[in-house]
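The values are calculated or read from the model by the stated rules, or taken from the named source; none is laboratory data. Keep in mind that what you see is a predicted model, and the values were worked out from it rather than measured. When we count neighbours, we look across all protein chains shown, and the Cβ atoms used for this are built from the backbone with ideal geometry, even at glycine.
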């Protein structure tokens, strides 16, 4: 089971944050918390708060044990960059970049077995198939409801097409 937590718009550099999150990726959540507690970097204490939030989500919402959780995936993505003018000599100004970071964490815990359903509720979950005839060949084939893998395939096919908003060649 995957448990997610995220924090956005942190006033940190994503590059410096990635150095810290690489130390805890793939480790147990309790071990990762101990590593972050003694790390001297600024991102370490903010990542520790996020990790503690993800652990609390797992314990309270999904009834997981803290000792069983593993840091499956953690990323530090680039957020918007604040640009400030910094005065220089002779009336000039330099741009000072202040980067922001989005951090996402996914913890993995053991799957909890669901309670068995009664026989009446199991019958209602059966997918019904319809028999339809192909117009050209006249063959019968079964058509069932689309699954999530079909939806993912359609999204991938849509991503392969060129965007309608692309500039045509020759236009300026």
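No other residue among 56, 44, 29, 89 is closer than 25 Å to residue 2 by Cβ and surrounded by fewer than 17 Cβ atoms within 10 Å (Cβ to Cβ) apart from 56. Looking across segment 1-14, the residues that are under 19 Å from the mean Cα position of the chain (by Cα) and more than 30 Å from residue 63 (Cβ to Cβ) come down to 9, 14.
The one condition from (1) assigned to a strand (DSSP E or B); (2) free of Cβ contacts under 8 Å to residues at least 60 places away in the same chain; (3) surrounded by fewer than 16 Cβ atoms within 10 Å (Cβ to Cβ) that residue 74 does not meet is (3).
For segment 31-43, the criterion of a residue being in a helix (DSSP H, G or I) and either outside the structural domain of residue 101 (by TED's automatic domain parsing) or in contact (Cβ under 8 Å) with a residue 60 or more places away in the chain (or both) is satisfied by no position.
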